[in-house]
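Here is the structure we will look at, set down as structure tokens.
The values are calculated or read from the model by the stated rules, or taken from the named source; none is laboratory data. Every value quoted in this text rests on a predicted model; they were computed, and no experiment measured them. Neighbour counts are summed over all protein chains in view; Cβ atoms, including those assigned to glycine, are modelled from backbone coordinates with ideal geometry.
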Amino acid sequence: MVDEERRGIFTSLSSALRGGKKESNSPIRPPYNAEKDLFSRLCPDCEEKSCAGVCEEDIIEIGEDGTPRLLLQKRGCTFCSACLDACKAGVLSDRSLNFIDASVEIDILRCMAWHQSICSSCKDPCLEDAINFLGLFRPEIESQKCTACGWCISVCPTEAIKIETS
């Protein structure tokens, strides 16, 4: 048991030194959806693809497979529900699901604040106040508050904030 824990620690450290975790190949989907399989079943046949055209932040892209994905490297989602209202296929249908089904993490090896530089770029745009600092340094994302909106991602000067599908 102790050897397995040590191996896990060394594996994560060596992974971080090699550039961190491998990026997820699963696209980040728009909010307002409870059934992920609906994207692959219904979106490719949707002729309108209007969810992408109505996004006020211009962060919805239709992929080669005909399904919508979020480009949170540009800006974040305001949960304006324009995509929900435009979705005629019924994929986006639950207004109460105003969060993105993904997890957001800070890579402490890339984060300036974790290296004693004063930086709070990520905290100000966080609409849910989900990023907490220990003093001026060491930001952490409170997963219970985070909606994965992505506003912190594009403002990070070192690209230390990563988002992956849950």
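Annotation: of all residues in segment 128-155 being in a loop (DSSP other than H, G, I, E, B) and in contact (Cβ under 8 Å) with a residue 40 or more places away in the chain, the one that is farthest from Tyr32 (Cα to Cα) is Ser143.
Restricting attention to segment 62-97, which residues are among the basic types (Lys, Arg) and buried (at least 18 other Cβ atoms within 10 Å of the Cβ)? Hits for segment 62-97 are Arg69, Arg75.
Considering segment 98-144, the residues that are of a type in the set (Val, Ile, Thr) and surrounded by 14 or more Cβ atoms within 10 Å (Cβ to Cβ) include one that is nearest to the chain's Cα centre (by Cα), namely Val104.
Kindly establish whether Glu56 is assigned by TED's automatic domain parsing to the domain that holds Cys146, in contact (Cβ under 8 Å) with a residue 24 or more places away in the chain and under 22 Å from Cys122 (Cα atoms). When the stated conditions are applied, Glu56 does not pass them.
Do the conditions hold for Leu92, that is, is it more than 23 Å from Asn25 (Cα to Cα) and touching a residue at least 40 places away in the same chain (Cβ under 8 Å)? Outline the logic, then answer.
Working: more than 23 Å from Asn25 (Cα to Cα): no; touching a residue at least 40 places away in the same chain (Cβ under 8 Å): yes.
No: the conditions fail for Leu92.
Evaluating Cys43 against the criteria (1) within 21 Å of Cys149 (Cβ to Cβ); (2) surrounded by 21 or more Cβ atoms within 10 Å (Cβ to Cβ) leaves one unmet condition, (1).
It is to be established whether one or more residues within segment 41-63 are farther than 14 Å from Ile163 by Cα and basic (Lys, Arg). Break it down into steps so the answer makes sense when it comes.
Step one: list which residues in segment 41-63 are farther than 14 Å from Ile163 by Cα, which gives 41-63.
Now restrict to residues that are basic (Lys, Arg): 41, 49.
Yes, segment 41-63 has at least one match.
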